[in-house]
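Derivation of every value follows stated rules applied to the coordinates shown; laboratory data play no part. Keep in mind that what you see is a predicted model, and the values were worked out from it rather than measured. Cβ coordinates were reconstructed from backbone atoms using ideal geometry, including for glycine residues, and neighbour counts include every protein chain displayed.
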Amino acid sequence: MKGKGGLTLTGHLGDVMKESAHAALSYIRAKQKTLGIKEDVFSKFDLHIHVPAGAIPKDGPSAGITMATALTSILTNTPVRRNVAMTGEVTLRGRVLPIGGLKEKILAAKRAKMTTVILPKRNEKDLQEIPKHLQRGLRFAFADTMDDVLRVALARTSPPRAKGRTSGTARRQKPVRPRHPTPTPLVPPKGTPRPRPIAPTLSVRA
């Protein structure tokens, strides 16, 4: 929405979660050019983050990379993959920090029918404590930085092809050979007398 770069947070959020949202926004501003965000977007628009179920208090740093991904998605007009879940704290420099309650979060991702779960790299060792039946059907991606998170979470598309150009795998067209025209027989116009045949002459030498 139009504004001057402000950030509004709603949804009964705790102080830690609010700080995570501000840290995510500061990271995105620092990486504005790298992410391909327009220069004047923060001076013309305000951002509003709302977490559903506003009557339930929510707090903790685990949603840091999620909010950073959501902000990057809206500012770059890039959709987030619908089958990806994620958890992790984010720093001002984009580092992904470990979280707690890993088992409960993986169970929530499985109930939501997610297929990919992004986790902090430092939580990789904790995955051994998760029962195998909870891990079945899930692919885990471990992230050290926000670049790792965005590489998995965002559904980036290839740039459109230029008009008038074809891909390198296009089939070559065979050269078209020119066809020789069929000769048209010469027919004399009507009323033209036919020439008399000339009798052959024999010359006899003595």
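Pairs with C-alpha atoms separated by more than 18 Å, drawn from the list Lys105/Lys125; Lys58/Lys105; Lys105/Lys132; Lys58/Lys132; Lys103/Lys125, are Lys58/Lys132. The distance separating the Cα centre of the range 117-146 from that of the range 35-76 comes to 24 Å.
Remark: the range 88-145 carries a charge dipole of roughly 220 debye about the Cα centre, counting +1 on each Lys and Arg Cβ and -1 on each Asp and Glu Cβ.
I need the calculated FRET efficiency for the pair Ala30 and His133, taking r as the beta carbon distance and R₀ as 30 Å, to the nearest 0.05. Spell out each step's value before the answer.
On the way: r = 42 Å, r/R0 = 1.38.
That pair, Ala30 with His133, gives E of 0.10.
For Arg139, the residues 5 or more places off, or on other chains, whose built amide H falls under 5 Å of its own are Thr116, Val117. Note: relative contact order over the range 7-153, using C-alpha pairs below 8 Å and six or more positions apart, is 23 percent.
Quick one: Cα convex hull volume of the range 13-120, Å³ per residue? Write out the running numbers ahead of the final one.
Details: hull volume 12.1 nm³, N = 108.
Cα-based convex hull of the range 13-120, divided per residue, equals 112 Å³.
Computed about the Cα centre, the dipole magnitude for the range 7-153 is approximately 580 debye when only Lys and Arg (+1) and Asp and Glu (-1) carry charge, each at its Cβ.
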